[in-house]
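What follows is calculated from the coordinates using simple rules that are stated; it is not laboratory data. Not measured: the values here are computed from a predicted model. Note: ideal-geometry Cβ built from the backbone for every residue, glycine included; neighbour counts use all protein chains shown.
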Amino acid sequence: MINYSIKCFGVFRQFGDTLCVTVDAGSSVQQIKAALVQQLGEQHKTLVEESVLANDNAILPNAYILQEETPLSILPPVCGG
Amino acid sequence: MSIQVFVSADPLSLETAMQSVIDPAHGAIDTFIGTVRNMHEGKSVTGITYDVHEALAEKAFHEICEEAQGLWPDTRYYVAHYQGTLDVSGISIIIAVSSPHRAESFEACRYVIEEIKKRAPIWKKEHYVDGMSDWLPGHSLSEEAEHSMTCCGHCQEDAHG
C-alpha cells in the first residue's frame with residue numbers, strides 16, 4: 001500500500017490544504033480518484049471526475065500508473081485570467 | 001528572450017510588460033489587461049482571490065505562447081498572472097505581444113488569453129458584499145490530461161493518443 005498526499009487547489013480547499021489517500025502500489029490515477037470519492041463522499045463524485053491529478057511537472061492521464069510515493073495535486077476545473 | 005511568463009504575488013506592471021516585448025523590428029505591441037469586475041451574475045463583488053498551481057501555470061503559459069509563435073512567427077510574449085487577493089479593479093493578468101505589424105499581435109494576444117482561460121491551473125474565489133465567498137466554476141483539464149505528453153511507460157492502455 002502507498003500513501004499519497006494530495007495538495008488541494010480551488011474548490012478542494014474546502015477539505016483543507018491536503019488530502020491523504022491510501023491505495024495499492026501500482027494504482028492508476030483513476031483508482032486514486034475513486035479512493036478520493038470514497039473518502040469525500042458520493043456527493044463529490046462529479047467534481048472529482050471533472051478534476052485531474054498532477055505531479056510537480058505535468059497533468060496525469062487517468063490511465064497513468066503510479067509506482068511510488070510522490071507529491072500530487074488535485075486540479076478542479078480552471079477559470080484563470 | 002522572446003517568451004517571458006510569471007506568476008506573481010506582487011502588483012503587475014504594464015510598463016514591465018511593454019519593455020519585455022519591445023523590439024526595434026516590431027511596429028506593434030498589443031496588450032490585454034484583466035481586472036476584477038464589481039458584479040457577477042447579479043451579485044456585488046468586493047474582490048477575488050486567485051489560487052494558482054505556480055509551476056504548472058507557468059508551464060501552461062509557456063506552451064501557449066510557443067503555440068502562438070508557431071501560428072504567428074516573429075512575435076514576442078510577456079504573460080504575468082497575479083496570485084493572491086485583489087480588490088475591484090485590481091489587475092489579475094497582463095499579456096503583451098509584439099510583432100512587426102499590428103494584425104499578428106492582436107490575433108496572438110487574443111489566442112493567448114483564450115487558451116489561458118481554458119488550460120492554465122488557476123482558480124477564482126469571489127468575495128461578495130454580504131460577506132459570502134464562492135469558488136467559480138470553470139473548464140475541466142481532463143482533455144489536457146488525456147493528451148499529456150508525459151508517459152510513465154506503464155500505462156494500462158494507450159492513454160496518450
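Of the residues making up segment A:18-34, just one is hydroxyl-bearing (Ser, Thr, Tyr), surrounded by 15 or more Cβ atoms within 10 Å (Cβ to Cβ) and away from chain B (no Cβ under 12 Å), namely A:THR18.
For segment B:64-78, a residue qualifies if it is more than 22 Å from B:PRO24 (Cβ to Cβ) and in contact (Cβ under 8 Å) with a residue 12 or more places away in the chain, and the qualifying residues are B:ILE64, B:GLU66, B:GLU67, B:LEU71.
Any chance segment B:129-136 includes a residue that's in contact with a Phe, Trp or Tyr (Cβ under 7 Å, 6 or more places away or on another chain) and surrounded by 16 or more Cβ atoms within 10 Å (Cβ to Cβ)? Yes - at least one qualifying residue is present in segment B:129-136. If you go through segment A:45-67 one residue at a time, how many are within 13 Å of another protein chain (Cβ to nearest Cβ) and either closer than 19 Å to A:GLY10 by Cα or among the aromatic types (Phe, Trp, Tyr) (or both)? Going through segment A:45-67 one residue at a time, the tally reaches 16.
Of all residues in segment B:3-35, those being among the small types (Gly, Ala, Ser), in contact with a strand residue (DSSP E or B) (Cβ under 6 Å, 6 or more places away or on another chain) and assigned to a loop (DSSP other than H, G, I, E, B) number 1. Just one of the listed residues (B:ALA103, B:ALA108) is away from chain A (no Cβ under 13 Å), buried (at least 16 other Cβ atoms within 10 Å of the Cβ), at negative phi and over 9 Å from the mean Cα position of the chain (by Cα), namely B:ALA108.
Give the residue, chosen from A:ALA34, A:ALA25, that is of a type outside the set (S, T, N, Q), more than 28 Å from B:SER133 (Cβ to Cβ) and free of Cβ contacts under 8 Å to residues at least 24 places away in the same chain. Lay out the reasoning, then the answer.
Values: A:ALA25 fails: free of Cβ contacts under 8 Å to residues at least 24 places away in the same chain.
Among A:ALA34, A:ALA25, only A:ALA34 is of a type outside the set (S, T, N, Q), more than 28 Å from B:SER133 (Cβ to Cβ) and free of Cβ contacts under 8 Å to residues at least 24 places away in the same chain.
Select from segment A:39-77 the residues that are small (Gly, Ala, Ser) and either surrounded by 17 or more Cβ atoms within 10 Å (Cβ to Cβ) or touching a Leu at 6+ places or on another chain (Cβ under 9 Å) (or both) and list them in ascending order.
The first filter runs over segment A:39-77 and keeps only residues small (Gly, Ala, Ser), leaving A:41, A:51, A:54, A:58, A:63, A:73.
Answer for segment A:39-77, where residues must be small (Gly, Ala, Ser) and either surrounded by 17 or more Cβ atoms within 10 Å (Cβ to Cβ) or touching a Leu at 6+ places or on another chain (Cβ under 9 Å) (or both): A:SER51, A:ALA54, A:ALA58, A:ALA63, A:SER73.
Being polar (S, T, N, Q), over 22 Å from A:GLY10 (Cβ atoms), surrounded by 17 or more Cβ atoms within 10 Å (Cβ to Cβ) and more than 11 Å from every other protein chain (Cβ to nearest Cβ) is a property that holds for B:SER98.
Residue by residue, here is whether (1) in contact with a strand residue (DSSP E or B) (Cβ under 9 Å, 6 or more places away or on another chain); (2) surrounded by fewer than 23 Cβ atoms within 10 Å (Cβ to Cβ); (3) within 13 Å of chain A (Cβ to nearest Cβ) holds:
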residue: B:ARG37; (1), (2), (3): yes, yes, yes
residue: B:LYS43; (1), (2), (3): yes, yes, no
residue: B:GLU54; (1), (2), (3): yes, yes, yes
residue: B:GLU58; (1), (2), (3): yes, yes, yes
residue: B:CYS65; (1), (2), (3): yes, no, no
residue: B:GLN69; (1), (2), (3): yes, yes, no
residue: B:TRP72; (1), (2), (3): yes, yes, no
residue: B:THR75; (1), (2), (3): yes, no, no
residue: B:ALA80; (1), (2), (3): yes, no, yes
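A:VAL37 meets the conditions (1) more than 18 Å from B:ARG119 (Cα to Cα); (2) out of contact with any Lys or Arg (no Cβ under 6 Å at 6 or more places or on another chain); (3) more than 8 Å from every other protein chain (Cβ to nearest Cβ) in every case but one. The failed one is (2).
Taking segment A:20-65, which residues are part of a helix (DSSP H, G or I) and among the small types (Gly, Ala, Ser)? Explain how you work it out, then say what you get.
Start the filter on segment A:20-65 by keeping residues that are part of a helix (DSSP H, G or I), which leaves A:29-40, A:42-50.
Scanning segment A:20-65 gives A:ALA34, A:ALA35.
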